[in-house]
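*Asks:* The structure's right below; bear with me while I get my questions together.
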Amino acid sequence: MGEEMQNQKELLELTDFLVKMDYSWTEIDPNEVVNTFSLVSKPNIPQKKEDADYNNRDCGDGRETKSTYEYIPLFIATRTGISQIVEKILKRHPQAVEAHDLKHQQNILHMAIKYRRLAIFRIVKKNKFITSRLADMIDSDGNTILQI
């Protein structure tokens, strides 16, 4: 029992640290070779035939980076239903609620509804002004939140 409590404490400290260090709400150059996240997720579509291995990039010093996730941490937590992390991210970086996925043009509200994450929907719904603005957005398939 004591070991489990210690693990939970360490997990909370780790998530607090990761949220503090997450600047996924800042935009980076999609051609830049870094292993970080941006406000909008990069589409997983090769630009040219030569770029078929779009997610694997050479750093120039012999190392190669691989994109682990197609989505930013906020969207990963939303899709998987980890409301505590979503809440921590939005508390620390409120502007991250404006993030959207480039490939599907979906925001956090679209994803919370699509993956039936009621707790995350309620977190976003707390701010009615933001909710109404996010609700008006249309994804790449032409769907609003009512059509998902």
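*Asks:* Please work out if Ala99 is on the phi < 0 side of the Ramachandran plot, surrounded by 18 or more Cβ atoms within 10 Å (Cβ to Cβ), in contact (Cβ under 8 Å) with a residue 40 or more places away in the chain and not β-branched (Val, Ile, Thr).
*Replies:* yes
*Asks:* Of the numbered conditions (1) surrounded by 14 or more Cβ atoms within 10 Å (Cβ to Cβ); (2) modelled with pLDDT of 80 or more, Trp25 fails exactly one; give the number of that condition.
*Replies:* Trp25 satisfies every listed condition except (2).
*Asks:* Right, something else. I'd like the full set of residues that are at pLDDT 90 or above, of a type in the set (D, E, K, R) and over 15 Å from Ser140 (Cβ atoms), limited to segment 74-116.
*Replies:* Hits for segment 74-116 are Arg79, Glu87, Lys88, Lys91, Arg92, Arg116.
*Asks:* Would you pick out the residues in segment 98-142 that are in a loop (DSSP other than H, G, I, E, B) and of a type in the set (S, T, N, Q)?
*Replies:* Residues satisfying the conditions are Gln105, Asn127, Ser140.
The values are calculated or read from the model by the stated rules, or taken from the named source; none is laboratory data. If you're wondering where the values come from, they're calculated on a predicted model, not measured in any experiment. Glycine gets a Cβ as well: all are built from the backbone with ideal geometry, and neighbour counts include every protein chain shown.
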